[in-house]
Amino acid sequence: MPSSKKPSAKLDRESILIDARRELAMPSRRLFGKRLLTLGGLSMLTGCSLTDDDSVNKFLTAVSRLNDRAQAFLFDPKQLAPTYTEAQITRPFPFNAFYGIDDVPDVNGAAYRLQLSGLIMGKRTWTLPELYALPHQEQITRHICVEGWSAIGRWGGTSFGDFLRRVGADTSAKYVGFKCADDYYESIDMPTALHPQTLLAFDYDGERLPAKYGFPMKLRMPTKLGYKNPKHIVEIFVTNTYPGGYWVDQGYNWFGGS
Ligand SMILES: Nc1nc2c(c(=O)[nH]1)N[C@H]1C(S)=C(S)[C@@H](COP(=O)(O)O)O[C@H]1N2
Ligand SMILES: [Mo]
């Protein structure tokens with residue numbers, strides 16, 4: 001969010017409130033109730049004053065952190081996202097990235113090695129055949145993009161929680177981060193990483209994941225919005241230091257639950 005040097009008297013309380021409400025438009029509404037969705041209530045909760053543009057930006061970031069905490073608090077690690085039938089799959093499934101389809105990264109599968117780093121005991125690299133040999137699961141779930149579309153797709157792969165435990169990840173750590181072949185990056189909370197429907201996905205609709213959908217692998221989480229699901233993963237790390245994410249660092253909410 002750009003910060004300009006307008007005098008505090010010109011701060012538009014209504015548009016700040018619209019931004020803050022949009023930030024809190026997700027499950028946290030249930031927690032805070034309408035009463036607190038006022039500027040006074042929110043600035044009290046976040047401990048921020050609203051005297052100039054810088055403090056407004058700090059305030060909106062604090063509201064976003066508050067939203068992260070509320071969503072993390074409300075997240076039920078056993079609650080399953082809805083699943084659908086084959087007939088409900090959206091065809092063709094949409095492509096989306098921060099670039100056009102002609103710029104999709106071309107990852108060489110034979111040379112590919114998944115890197116593991118951070119709080120992980122078994123820091124060896126993994127080839128694709130080794131990953132393909134892990135226990136397999138399929139899901140037909142809905143992907144929701146904040147750009148205003150949603151689509152039902154079928155992904156196959158291995159349970160991400162089981163994979164983390166297999167490689168000796170510290171599952172008491174706060175975050176799992178991802179680096180991608182196209183410079184995208186993302187991070188998620190550990191409870192979501194361990195959710196039974198969180199899949200390290202190698203397949204789309206019964207075929208190997210095509211380049212446009214994230215070859216050689218993406219993290220598929222039906223409990224999170226589209227931008228939280230990184231494609232073209234090349235490195236996975238476990239950390240207690242907040243890693244941010246490509247869109248999150250441009251103002252999107254970090255928890256990103258749906
Ligand atoms: N590596 C990478 N992952 C990404 C993105 C991206 O640009 N690069 N875009 C995200 C967004 S905003 C969406 S909606 C989905 C789109 O996935 P799809 O192409 O399978 O529909 O990928 C997410 N993961
Ligand atoms: Mo998206």
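The table below gives the values:
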{"quantity": "Strands (runs of 3 or more DSSP E) enclosed by the stretch 145-241 - at least 3 residues per element that are within 13 Å of ligand 1 (Cβ to nearest atom), among the small types (Gly, Ala, Ser) and over 22 Å from Phe73 (Cβ atoms)", "calculated": "149-159"}
{"quantity": "Criterion: on the phi < 0 side of the Ramachandran plot, under 13 Å from the mean Cα position of the chain (by Cα) and of a type in the set (A, V, I, L, M, F, W, C) - qualifying residue of Met217, Met190", "calculated": "Met190"}
{"quantity": "Selection count where residues are more than 15 Å from ligand 2 (Cβ to nearest atom) and surrounded by fewer than 19 Cβ atoms within 10 Å (Cβ to Cβ), scope the stretch 214-248", "calculated": "7"}
{"quantity": "Search result, residues across the stretch 84-102 that are touching a residue at least 40 places away in the same chain (Cβ under 8 Å) and over 19 Å from the mean Cα position of the chain (by Cα)", "calculated": "Tyr84, Thr85, Glu86, Gln88, Ile89, Thr90, Phe93, Ile101"}
{"quantity": "Residue ID - nearest to Val167 (Cα to Cα), chosen from residues in the stretch 196-254 that are out of contact with any Leu (no Cβ under 9 Å at 6 or more places or on another chain) and β-branched (Val, Ile, Thr)", "calculated": "Thr241"}
{"quantity": "Tyr246 vs. criteria within 12 Å of ligand 1 (Cβ to nearest atom), modelled with pLDDT of 95 or more and at negative phi", "calculated": "yes"}
{"quantity": "Residue in the stretch 58-69 that is over 30 Å from Arg165 (Cβ atoms), at pLDDT below 95, polar (S, T, N, Q) and part of a loop (DSSP other than H, G, I, E, B) present", "calculated": "no"}
{"quantity": "Close pairs (6 angstrom Cβ cut-off, 6 or more residues apart or separate chains): within 16 Å of ligand 2 (Cβ to nearest atom) in the stretch 201-213, assigned to a loop (DSSP other than H, G, I, E, B) anywhere", "calculated": "Lys212/Phe95; Lys212/Val104"}
{"quantity": "Selected residue (criterion: surrounded by the most Cβ atoms within 10 Å (Cβ to Cβ)) from residues of the stretch 88-141 that are more than 16 Å from ligand 1 (Cβ to nearest atom) and β-branched (Val, Ile, Thr)", "calculated": "Ile120"}
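Quick grid of which residues meet (1) within 29 Å of Gly168 (Cα to Cα); (2) at pLDDT 95 or above; (3) more than 16 Å from ligand 2 (Cβ to nearest atom); (4) in contact with a Pro (Cβ under 7 Å, 6 or more places away or on another chain):
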| residue | (1), (2), (3), (4) |
| --- | --- |
| Leu74 | yes, no, yes, yes |
| Pro82 | no, yes, yes, no |
| Thr85 | no, yes, yes, no |
| Thr90 | no, yes, no, no |
| Tyr112 | yes, yes, yes, yes |
| Leu119 | yes, yes, yes, no |
| Gly122 | yes, no, yes, no |
| Ile140 | yes, yes, yes, no |
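The values are calculated or read from the model by the stated rules, or taken from the named source; none is laboratory data. All values reported here derive from a predicted model rather than from experimental measurement. Glycine also receives a Cβ, built like all others from the backbone with ideal geometry; neighbour counts cover every protein chain displayed.
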